[in-house]
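Trainee: Mind looking over this structure? Questions follow.
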Amino acid sequence: MTTAIHRFVEDARKGCLPNVISRLDSGWAILGEKQILRGYCLLLPDPVVPHLNALKGSDRDRFLSDMARLGDAVLAVTGAVRINYEMLGNLEPALHAHVVPRYKDESPELGTKPIWFYDWSVAKPFDHYGDRDLVVKLKRELGA
């Protein structure tokens, strides 16, 4: 089965995925195509697997460690107050982790809910030039 995750990883390997931050031990750190909250990222495994339970031993440890490393970098660079992590796979049935910065100034109605409650139709799209500084800072923070 080919999912968006498969396509993203293939494009990242080819060097033609514009929102790539860095190649990590377990896969690819990318900025979300929609920046619903500034610094929203994903971790994509390489190779792609169907879900977390398909990874065993050190491969699973590496993915989870990279997810936390990416969260640490997002936290340091954005000034968020915390990071939320989600692995759903319901719409795209391939492992990927959402790394979501949460901010003190989020609205009270949305600040305690998952980001899926936000109106994604008005989210700022990734901008290769406008988000370049954020990508560079995240890459530097990841030591990549």
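Trainee: May I ask you to list the residues in region 68-91 that are loosely packed, with under 15 Cβ neighbours inside 10 Å and assigned to a loop (DSSP other than H, G, I, E, B)?
Mentor: Selection gives Gly79, Val81, Met87, Leu88, Asn90, Leu91.
Trainee: Could you please give the count of residues in region 8-41 that are touching a helix residue (DSSP H, G or I) at 6+ places or on another chain (Cβ under 8 Å) and within 16 Å of Leu95 (Cβ to Cβ)?
Mentor: 8
Trainee: Does at least one position in region 102-124 carry a residue that is part of a helix (DSSP H, G or I), closer than 15 Å to Ser26 by Cβ, at pLDDT 95 or above and of a type in the set (Gly, Ala, Ser)?
Mentor: For region 102-124, residues part of a helix (DSSP H, G or I), closer than 15 Å to Ser26 by Cβ, at pLDDT 95 or above and of a type in the set (Gly, Ala, Ser): absent.
Okay, residues lined up against (1) of a type in the set (Lys, Arg); (2) not in a loop (DSSP other than H, G, I, E, B):
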site: Leu17; (1), (2): no, no
site: Ser22; (1), (2): no, yes
site: Trp28; (1), (2): no, yes
site: Arg38; (1), (2): yes, no
site: Ser58; (1), (2): no, yes
site: Asp66; (1), (2): no, yes
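Trainee: In region 21-48, which residue that is under 17 Å from Leu138 (Cβ atoms) and free of Cβ contacts under 8 Å to residues at least 60 places away in the same chain is nearest to the chain's Cα centre (by Cα)?
Mentor: Top of the filtered list is Leu42.
Trainee: Starting from region 61-80, take each residue that is without any contact (Cβ under 8 Å) to a residue 60 or more places away in the chain and over 18 Å from Trp28 (Cα atoms) and list its partners that are assigned to a loop (DSSP other than H, G, I, E, B) and open to solvent by less than 10 Å² (accessible area, probe 1.4 Å), counting only C-beta distances under 6 angstrom and pairs at least six apart or across chains.
Mentor: Thr78/Gly39
Trainee: Closer than 26 Å to Leu110 by Cβ, open to solvent by less than 70 Å² (accessible area, probe 1.4 Å) and either basic (Lys, Arg) or out of contact with any Phe, Trp or Tyr (no Cβ under 7 Å at 6 or more places or on another chain) (or both), is that true of Gly32? Before the answer, list the steps.
Mentor: On the way: closer than 26 Å to Leu110 by Cβ: yes; open to solvent by less than 70 Å² (accessible area, probe 1.4 Å): yes; either basic (Lys, Arg) or out of contact with any Phe, Trp or Tyr (no Cβ under 7 Å at 6 or more places or on another chain) (or both): no.
Answer is no for this residue.
Trainee: Does Tyr129 count as free of Cβ contacts under 8 Å to residues at least 24 places away in the same chain, part of a strand (DSSP E or B) and aromatic (Phe, Trp, Tyr)?
Mentor: no
Trainee: In region 119-144, which residues are within 11 Å of Gln35 (Cβ to Cβ) and surrounded by 15 or more Cβ atoms within 10 Å (Cβ to Cβ)?
Mentor: Ala123, Phe126, Asp131, Leu134
Trainee: Just name the residue that is modelled with the lowest pLDDT out of those in region 1-21 that are among the polar types (S, T, N, Q) and surrounded by fewer than 20 Cβ atoms within 10 Å (Cβ to Cβ).
Mentor: Step by step, filter region 1-21, then rank; the result is Thr2.
The values are calculated or read from the model by the stated rules, or taken from the named source; none is laboratory data. These numbers were taken from a predicted model, which means no experiment stands behind them. A quick note on method: Cβ atoms are made from the backbone with ideal geometry, for glycine too, and the neighbour counts reach across all protein chains shown. We work out accessible area using only protein heavy atoms, side chains counted, and drop any ligands, DNA or RNA first. Shrake-Rupley method; radii C 1.70, N 1.55, O 1.52, S 1.80 Å.
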